[in-house]
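Let me begin by presenting the structure, written as structure tokens, before commenting on it.
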Amino acid sequence: MRAQSTPPPVQVVEDREVIQEEGDLPVMQTGTLQEGPLQIAEQMPEFPGGQEAMMKFISSNINYPEDMAEAGVGGKVFIEFVVRADGPITDVRVLRGIPGGPSLDREAVRVVKAMPKWNPGKQSGKPVDVIYRLPVMFKAQ
């Protein structure tokens, strides 16, 4: 007979913030006593000019690495970064890259790091640090 596991302990801080101390579930942090960047904010950060302007920025700044284009390697690179409360992007990293395409991963990171300051996310009307995830598509020709 298999022993039943007990759920991980949970600490409640304020009415709106729950921090999971153990376990493998994602931590959702939406309260005001936040130490790190928020996963979700009441108002999410936005590239200046909106989604369409961001797509235009990416397409005009991305350089498809020659070795990957010649090999016909393409796909999506999923990038995660933090939009700081004053707008700059920091902590850029690849969440999921393209197998066999490390130069595509590096190019996606380079373009995201080159982005201008964003309009920050807001929580309770105040600018806050927010984690943002972005897929960058590479289409082999």
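The values are calculated or read from the model by the stated rules, or taken from the named source; none is laboratory data. Because the structure is predicted, anything quoted here is derived from the model rather than measured. Because the Cβ atoms are built from the backbone with ideal geometry, glycine has one as well, and the counts that use them run over all protein chains shown.
For the reader, a short list of remarks on this structure follows.
- Summed over the stretch 98-119, residues that are farther than 20 Å from residue 56 by Cα and either under 15 Å from the mean Cα position of the chain (by Cα) or of a type in the set (Asp, Glu) (or both) total 0.
- Residue count, the stretch 105-141 (criterion: surrounded by 16 or more Cβ atoms within 10 Å (Cβ to Cβ), at pLDDT 95 or above and outside any loop (DSSP other than H, G, I, E, B)): 17
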